[in-house]
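Below: the structure, in C-alpha cells.
The values are calculated or read from the model by the stated rules, or taken from the named source; none is laboratory data. Computed from a predicted model, the values in this text were never measured in an experiment. Methodologically, a virtual Cβ is constructed for each residue, glycine included, from the backbone with ideal geometry; neighbour enumeration extends over all protein chains shown.
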Amino acid sequence: MTLLTICSGIKSNASRCFALSAAVNIMNFYATLILAFAMSMDAFAAAIGKGATLHRPSVKEAIRTGLIFGVIEMLTPLIGWAIGLAASQFIMSWDHWVAFALLFILGARMAIEGVRCDKNGEKTIIRRHSFLLLATTAIATSLDALAVGVGLAFLQVDIVLTALTIGMATTIMAASGILLGRFIGPVMGKWAEVLGGVVLMGMGCMILIKHL
C-alpha cells in the first residue's frame, strides 16, 4: 500500500466525518427550531386572548408583550436545566397542576370582569396590560418549557442556544398573537374579555388533561 493510497483513505474518511457532522448539525438546528415554536404555541394562544381585550393594541405594546413572554420562556428551560435530575420527578409531577391553577384563575378573573362590564353596559378601555399580569400568564404558559429543560439536561445539546431560540420564537409568536387579537377584539365587542378568559381556562384544562 503506497503512501498516496493511505493519504487518500484518510482524506475520504475525514470527508465522510465532516459530512456526517454537518448533517447532524443541520438536524439539530431544525429539531431546535421545531421545539422552539412548539413551546411558543401556548404563549401565542394566550397573547391572542390578551390582545382581544385591548383597545387597538399598538405594535409597541405587541413587542413589549412579546419580550415579556420571550424572556420568561427563555429563562425557564435554563432553570429546568440547572435543576437537573435531582428534582426532575417533582417538577414533572406538579408543573401541570401549577399551570392549570394559574391559567384557570387568570381566565376566570377575565371572564367575570367581562360579564360584569356587559351587565353594567360599560367597558373600561384598556390600552396595555400590567407587567405583573403578563408575567404571571407567561410563567403559567412556560412551565412546560421548565420540564423540557430538565429533560434536555440529559442530552448533548447547547442549552444556551436552545433557550435563546425558544425565547426568540416565543417573542415572535406572542407579539403576533397580540396583533391578531387586535382584529378579534372589535368583532367580539364586549365579549372579547370573556373570550380571552375562556381561552386561558381552556388552555389550563388542556394542559392538565394532557398530563393526567
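Quick notes
- Cβ pairs under 9 Å, 6+ apart, first in region 110-135 and under 23 Å from residue 69 (Cα atoms), second of a type in the set (Asp, Glu) and modelled with pLDDT of 80 or more: 127/61; 128/61; 129/61
- Test for residue 123: is it modelled with pLDDT under 80, among the basic types (Lys, Arg), out of contact with any His (no Cβ under 7 Å at 6 or more places or on another chain) and surrounded by 15 or more Cβ atoms within 10 Å (Cβ to Cβ): yes
- Residues of region 166-193 that turn out to be buried (at least 21 other Cβ atoms within 10 Å of the Cβ) and modelled with pLDDT of 75 or more, as a count: 11
Here's the yes/no breakdown for (1) buried (at least 23 other Cβ atoms within 10 Å of the Cβ); (2) modelled with pLDDT under 85; (3) assigned to a helix (DSSP H, G or I):
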{"site": "63", "(1), (2), (3)": "no, no, yes"}
{"site": "73", "(1), (2), (3)": "yes, no, yes"}
{"site": "82", "(1), (2), (3)": "no, yes, yes"}
{"site": "99", "(1), (2), (3)": "yes, yes, yes"}
{"site": "114", "(1), (2), (3)": "no, yes, yes"}
{"site": "119", "(1), (2), (3)": "no, yes, yes"}
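- Condition check for residue 158: modelled with pLDDT of 70 or more, among the acidic types (Asp, Glu) and touching a helix residue (DSSP H, G or I) at 6+ places or on another chain (Cβ under 7 Å): no
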